[in-house]
Every structure is written in C-alpha cells, then in structure tokens.
1. For the chain, give the magnitude of the charge dipole about the Cα centre (Cβ charges: +1 Lys/Arg, -1 Asp/Glu; no others), in debye to the nearest 20.
2. Kindly write out, for segment 260-271 in residue order, the coupling ³J(HN,Hα) from the Karplus curve 6.51 cos²θ - 1.76 cosθ + 1.60 (θ = phi - 60°), rounded to whole Hz, with x marking Gly and Pro.
3. Remind me, relative contact order of the chain in percent, using alpha carbon pairs under 8 angstrom and six or more residues apart?
4. Below 24 Å, Cα to Cα, which lysines can Lys370 reach? Residues fewer than 8 away in the same chain don't count.
5. Under a straight-distance cross-link criterion of Cα-Cα below 17 Å, which lysines are reachable from Lys72, leaving out those fewer than 8 residues away in the same chain?
6. Between Ser734 and Ser127, what length comes free when the chain is fully extended (0.36 nm per residue of separation minus the Cα-Cα distance, one decimal in nm)?
7. Compute the helix-to-body angle for 2-14: its Cα long axis versus the longest principal axis of the chain, expressed 0 to 90° and rounded to tens.
8. Work out Dmax and Rg for segment 140-265 from the C-alpha atoms and quote the Rg first, both in angstrom.
Amino acid sequence: MNRNLYQAGLLVRFFDRSIYPALVIVLFANVVTARSSFPKPTVETNKVLPLAYPYGNHSQDIGVKGSVSDAKGDPLTGVSVVIKGTTTGTITDANGNYTLNVPDGNVTLVFSFIGFTAREIPLNNQSILNVVLSDDAKALEEVVVTGYSSQRKKDITGSVAIVKVSDLQSLPASTAENQLQGRAAGVTVISNNQPGSVSTVRIRGFASFTGNDPLYIVDGVPTGSLLGINPSDVESMQVLKDAASASIYGARASNGVIVVTTKKGKTGSAKVAYDVSYGIQDPGKGWTNMLNPQEYADLTWLALKNSGQPQQSVQYGKGATPVLPDYLLAGTASGLKEGDPATNPALYNLSYANLADANYAPYLIVKANKQGTNWWKEVTRKAPITNHNLTVSGGAPDKSRYLFSLNYFNQDGIVIENFYKRYSARINTEFTLKKNIRIGQNLQVYTSQANTAANNTEASELALARYILPIVPLYTIREGDFAGTKGNGLGTADNPVAVRERTKNNRANTFGIFGNMYLEVDFLKHFTARSSFGGSYGTNDYTNYPTIEYEGAENNRNPTLAVGFFKNRSWTWTNQLTYKNTFGDHSLQVLAGTEAVDDAGNRIEGSRSNYFLYTNLNAITLSSGTSNQLVSGFPNTPASLFSLFGKVDYEFKNKYIASVIVRRDGSSRFGVDNRYAVFPAGSLGWRISEEAFLKNVTWLTDLKLRGSYGLMGNQRIDPANQYTQFSTSKGAASYDIGGTSTTPQSGYYLSFIGNSAGKWETNVSTNVGFDATFFGGKTDISFDWYQKKTNNLLYTVEQLATAGGIAAQNPPFFNVGSMKNTGIDLAISQRANLRKVKLDATLTLTTYKNEITKIADGISYFDYNSPLNEQNRIGGVFTRNAVGHPINAYFGYDVIGLFQSADDVAKSPTQQSAAPGRFKYRDANGDGKIDTDDRVFFGNPNPKFTYGLNLNLSYKGFDLAGFFYGVQGRDAINYARFTTDFYSQGVTNKSKEALYNSWRPDNLGAKVPIQETVGNFSTNAIPNSYYKEDASYLRLKNLSLGYTLPTHLLNTIGVDRLRVYIQATNLFTITRYTGLEPEIISTDDRAAGIDANAYPAVKQYLVGASINF
C-alpha cells in the first residue's frame, strides 16, 4: 500500500506536465508489483485463459467438453465452468457449449450462473459432460452494502433500492448521476444535458427549501457528487431512502443516501478488460417554428397596424407592404439598397489592432440575408463523444487482490467550442497480512478540462440563436468579420457564433484525489474491527479571457479578464466494531462506531480590464491591464462533525426481523447550545412466506412485509450562519479621518447578524412496504409507501431595518418551517425464457406529493425570483412557496381566453388594459374586478409520477437492450414564449404562431394574443398561466444491439470475451411541450421548471467494443 501511495504522489507531481504518460507509468508499475506476489499462470492458448493453475506439470492435460442448458433444454450462455479449488475455468458460448483442459480425470467441475443453482459434478474420467441447471431464487439474493455494513437483500427491513449497475453503465455519460435516471424507484433525476454537467438528483421529493442533494458515499467516504468518479469503476450502487436504512448517517441523511462501491480485484492471474466507444451527437433541427426575414417584416407591419401606428421602419421602408433592404448597415446608415454609395466596399474598415482604442469607429458593411440565417445550424454541430476504459485486475489467493483502471472520456457539446474532457486513474488493492488481518486502499485521481456554454438563460448561445433576427448574416461583406445587430431596428441580441468564437479559449480545470485506506481485524471468532481513513483533495481554476466586440448594438469595448482558483479538502476517519453470530434460531449482528469529518477550503479571484491588445492571449494577464484591478479571496468557514453510531440487526427463525439504529452527531455548523443531536430509527420485518400456512403456495417463493420509523437530520447550512460578522469597505463604511476631503479611510460595518440558536432540521420518516419473489425467482416486486416530514426547517427570516441596510438584506437561517412528502415507490423485475430468447425486464415507478406545512410565524408564503430574474423582465415572479401547496408552485393570473370584442370587454369583470385580442383573466374571488386578489396557483413542476422501463433480450450471442424513461404530470413555464410570442417584447425573432395564429378581427379562434408594439397588464407585462405547459414526456433513452463472439473463435488468440455493439440514445421523445427540452435543469428548488431555452438531450449514435483477456 505504501508503494501505491508513493506512486500516487509521483502521479500528482507530474500531472500538469503529462497526465496520460504518468497514469500509464503508475499502472505498469503496480501491475508488475502485484503480479510478482503470486506464481505465473499457465495459459492454454488454444482454449481459455485460465487463472492460477496449481497442478504443476500440465503435459497430461485431458480435454473435456459439453453443454449447459436449463430445465427446458434451452442452452445457457455465459455459465462459469471452473475446476473446484482453483481459479481455472471458462464460460459457455452462445450455444451453451464449453471446452476445458483439466489436469486429470478426477477433478470436480463447478457450474454456476446467476438465477440458477450452482452444481458441483465429479468428472470421473469423462471427456463429455452435459449439465442441466435449475432455477434457484436463492441465487438471486444479493448481498448489498448499506450503512457501514452489508446485508442480504432478503434481510433488509428498510427501504433500499438496488441499482443494476450493468444497466446503469449501458448509457454513455460522464457521471453515474446522469445514468441513474429511471433506474431506481424513489429517485428523481433531472439531467443537465451539457457535457461534464451534474444532474439534479432528488430522493423522495424535498426535505428543505435548499440543499436537497443526497449524500453520496463512495467506498465509505462522503462526497458532494459523483462528477469525478469514472462510471466504469462502479461495482454496486444502493439508494437508502428511509430512516431505517439512512439514519445511520444521521445529520446528513435527510435527503437520502447513495452508497457506491467501486470495483475490486478477484484472486487469480491478471485479467485485462478494455472498453471503447465512439459516437456522434446530432443537434437536430432546433426550432422549426420561427419566422423567416419576410415573415418578420410582415409581423412588424401587423403589430404597427394593430397599435394604430404608421407602417414604416428604418429597415423595411414604408407603405402597405414591408420591403427587405439589401444592406442592413453601412457605416452609420441602415436599411440601404444596392448601389447606395455608402455600401462601397472600398469604405470598409475594421482593424482588430485598433479595437482597444475607445475612439476607434470601424466602418462595417453588412448585407441582408433575405433567405434567412439558420442560426441554430450555425451555432451547433455534429459533436463526437468517445470513451476508453482499461482495467487490469487479479490477485494471489489468500494473499492479495488488486484492480487498476485508466479512463479517458471526451465529449464535445453540440454548441460549437463546448467540450468536457476527463482523465482518471483508479488503484484499489487489498492484502491479507495474516488469516485474520487485512489492509487495503481505494484511490482515484482525476483531472478534467472544459469549456462550458451557458444553459437555460436568456443570454445562452442557444437562446441567442433563437432571438437574433434571421435577416442578420453571420459575417459582414468581409468573410471572418462578424455581423451583428449594430444597425437600427435589429435589436440587441449578440451574434451567438461570435460569442462562442470569442470564448473558445476560456477554460475550467479540475483536479482531484479521492480515496481511503483501511485495516480490518477478525478476532474472537465473531468480531471484526475496522478502521478507515479517507478523504478528498481538489482544486478548481478558471480563466475567462476578455473579448472586445464591434458588431453589436451594445458592444463591450472594455472587457475584463477574470481568473479564479479554489481549493478544498476533507477527511473522514471511521472506526467500527462488528459482532456477528448465529446460534440456534437466532441471528444477531451488532455494529458500533465513531466517525470524525472535517472540511475546509479557500478561494481567490481576480479581474483586470483595459488592455492594449486583445488578439494575443499571452499578453493578457492580471498585471498587464491598466484599470479595474480587483482581487478577492477568503477561506471557507471550516466545518467539523463528530459522531457515535450503533446498529443492531436481529433475526429469529429466518422470518422475524428487527433492526435498531441510533446515531449521535455533533456539528460545528451550529452554536454550542444546539451542536449535538440524536437520530434514532427502527424497523420490523416479517417473512410471511416462511409461515406454515403459505408453505404450500408453490408460486410464492418469498414474501417479506416490513415497516420502519425514525429520524434523520440536515446540517446543510453555512457554518458561518451562527456568527455575527463585520466587513470593511470604503463604499459601505468610511470616514475622512485626516480631513483631506480626498482620502477616506475604510471602516467596519455590520454585514451579517448570526443566529447562534440555529439547530438541525429533523426529518421524521415512516415507511411501509413489502418485497416479494414469485415463480422460483422469475418475478420480483418491491413496494413502499412513505411519509417524510421535516420539522425545524431552516428559512431566512427577514430582519428589521434597524440591523442596517446590508445586514437586513442578508438575513440568517432560523428553524421555523416544516414540510412533508408522501408517495409510493414500486419496482418490478421479470426474468423469462421465451424458448431460446432470454428476457430480463425492470419497471420502476416513483411518486411524491410535496406540501409546505409551515414557513414561519406570521408568514404564510414567500415569492421567489428564479435565477432567470423574470421579476426584472416581466414585472413579477412565477413561483410562490406557500403553506398548503408544494414547493415552487406557479402563481399568477389564470388566462381563460381572449377578449373577442368590445362587447365582451364590457360584459366581463373590469380589468386593466382590457381590449379585444388581449388576455381575459379569471375573476377568482368573484368580486367583479381583476386585481391582485385574483391571482391563483395554476401548476407546479413536481411530477405526478416518473417511470422507467428497461428491457434486455438475448438470443445465442446477440443481445438487444432498450430503456424508456417517462415523466407524467409535470408543469413547466415556457418563459421563452415571453420573447417569441409577443412582438412588444423587444426586437427579436418571433414564432410563426405570433404571425399566423395571433388574434385579429378575422381570426377570433386564435390562441396567441393580438400583436402590438407595447405590452401591458392584459398581455405580457405580468406573470400568468399563458406560459404554463404540460412538460410530460416519454423518451427512448437507450437502444443497443450487441454480439458476443463464440469463445472457440477467441481462445485461439488468447481472448476470453469480445462483444461488439451499436447503440443509439434519445432516439425519440413523445411530448406536447413546445420548448426545446421538456427536462428543464434548475439551480434552485424554490423556482424550478422555468425554461429559457434549456440545453437539449440530443440523439447519439455510437459503436463500441468490450474485450477481455
């Protein structure tokens, strides 16, 4: 282990210079070291690659062959055939046949295959041995890792979702979080879709207003996400959903726990696995309902007519019909015709070297693109995605085992210049020092680099591609010089291709080390002591280069260089003692332990403006600019956690099960009076299928009823929340002590009033469910009903103005609120043999209903402005968080139609700015007038249910897999329609609906309001239900077809297994949502599901291969 740590240190030192050679060197060195610890294997080059072969001289080897089938006579592919007491063996091919050399005719062969009873058969000098395996439900009983221990799944009385990792890894993605969608009941995942992004994961709804991410435990060490974990390294994943399973993690478990175990080596000779895939991502056609240049001009004339204004424009002339210009811009003139002297190409002048001069005015000439620029096509591309994964594993029996892996993942985004690239290496080893003493370590090192594109903002490149007018060309009359909106009447949207070109050198770099070391000692027959010390160290840095603009209506002529560096580290030390014994009808396991966690970090950021030259990036540094030099830096407030925990699992007669958990946490995030809390939980299980009255029910293999109750906690609060803080700033606090009138001195001001009485949020969890297995293990059903209540919910209570303006605007968190979630989780698995076709299907269903039950005394709701800042754009916010309603409910005026005539207006309740063609709002309180009291809740983004269906079919060497994922009953705010459906909302491109399906006196059945030049209360000046859409969808997430070559063809070249495949993802989506993507990422649970052109999930087409030798 010390050698491995030393080599990891070398790896860190050389990372910046040459990442991949360093990883290869470490891999090679560890393989050589590990392989030298056990005898060299003998390879049967014409048959199989055996593991360790203990018999010495093989010159008298005997050839054995045969077939393996099930009870119906169908061949079984992939059955393990091993000589008992050795690791020498092979697997059956697509026809169920095998061939194996054995040292003599008296050995015993072991035949094993998941879902079937293993058989040990003496060879008795036979050269042909055909075997039939029978179904066995017990073979399907998994031993899973839960909280600090492992249990048989049949003995678990809490709610635990076991993720089938092979299905998880079938989806190409940069993180296992993205792959988790639809794979586990009770888990809701919203994908970001951008390369290298982290998805939003929620387990059984929401436990708080903020900080609802689950706790991730990787090899016993907590982490904030799985971003740096190579998905191919994951061996198992469990989701702990209720208190009986998760409260062992106490203060961090209120949002659920995802436990990940990485792969370990198996004893035997070195095995190599190499997986490779390459694919193309298709951006699709983008928006197909946007106007072309002539249509936009026609809409302009329509809006002017409806508003009673003259039909004239700088660009389109005047008269009954708009006429497209030949030139949008020439110098300072706009809307010119061919032959105008101002369009003389000789006048064109653009010098990049002079752009830094504020007095320099380039002379641009921009021709109109009358056919229309396809901005979606210009800013997107067919983007490659590739993945290489190499794993070497093995070990010496009763001495050691090891696993080394290297991974290279590279995904370009569909937006030009957008990419994510990651290199990672893993070293997992374990050594048996004595029969009862084991030491080991798990270590991962990774580095990544990315250029990110904005996502779900009005300024994102995809949004700009929708908003910029199609008459604007990509370039001026000089190819390579960007055109834009500098001419009159062209709006202010930036050229999205220019934005990407200018930011292509921006970088976000990440480096991380994550892992642990452990020691295990077995003693006194039934006791095991374990000590594990692990943690993480990571750095992040970014560089955003300044880019000077010239082509737009609002050019940035003094851009800023921005750089930043972040460092964080954490460690976790866990010590535990386990007692496990079975005596008579009683089975007992007792766990007791302590854990200490410590987190710290710091950051520094700087910026500088006004550079002499912007074309040489090497000359752009923080020291070379001449103005606006800003530097900030501060340490993150350190946080520590100390815990005592214990668990008792008891089982009587294999049918009555009980489990009790208690954890006591002490956290530095809270004041001294509330620093400690206790989180108990208990569960009961009854394996009713073991009762005598069900013994003769042949179709029932296993049925377990279970229930649990307990407490979990949440400590996700800024550690500084407890402290009153003062800051210094000349702008906020200064005084001219010297009386110079020119040089004030900085003072201190009250910036934050701390809450030293803050304490834990407490989550009360109730769960009732059952696990059932039918027909000898062919069908599994797991069902849960749950209720999760959060008390002492943290909320920022508004402060009195006497606290000072800055402190009052930055209130601390207080324990004042509460909320609850109820729902069901359902998972159904079905295995079947359809003649020669094998079927393995899994269905998951997740529901949750969230309700806020209290916010604070005297406060029944709070409105929340989303990260899109719609309050500044539309005059209000879409989301209200209110008692009796779910978190993030949509609130505003309910549109019941359009006013059809002046008579309709007169007969309706009085409404500000009411007129024919404008929105008619519902008079919710029936008082005959429309005002703020008529606003109602009209939807929310929390789905009624989500579901996933995974299908695996195999026939001989072929395998076919499909995965469907769906969301039902989710609402979304299509905020992009605020811009595209209303001519009054700026000079941007509009939807065809605005032109062809907007209200006119001759189009009374329209769905879109009348097009006017100015918005108002009765159109788009306030939040209303017009923007709400049904964002339910069904998507074919994955479809793959593979073929595994017969082993007899591979053995001659020393290959154990070779599978090739083709694959497609996101092949189709069925939805009524009119936006680009119904799955809308958000950074804040208080205002989610608001779409300003989210980064879409796109089709991917891949080919790949997996080879083992």
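1. Charge dipole of the chain: 2320 debye, to the nearest 20.
2. So the Karplus estimates, Gly and Pro as x, are 10, 10, 8, 5, 10, x, 10, 5, x, 5, 4, 10 Hz.
3. Values: 3004 pairs, mean separation 120.3, N = 1109.
Here the relative contact order equals 11 percent.
4. Here the lysines satisfying the reach criterion relative to Lys370 are Lys285, Lys305, Lys318, Lys337, Lys486, Lys990, Lys992.
5. Lys778, Lys836, Lys838, Lys956
6. 209.0 nm
7. Helix 2-14 sits roughly 20 degrees off the main axis of the chain.
8. Taking only Cα atoms of segment 140-265, I get Rg and Dmax of 13.6, 42 Å.
Laboratory data are not the source of any read-out in this text; all were calculated from the coordinates shown. Computed from a prediction, not measured in an experiment: that's the story for all the values here. For neighbour counting, all protein chains shown are included, and Cβ atoms are generated from backbone atoms with ideal geometry for every residue, glycine included.
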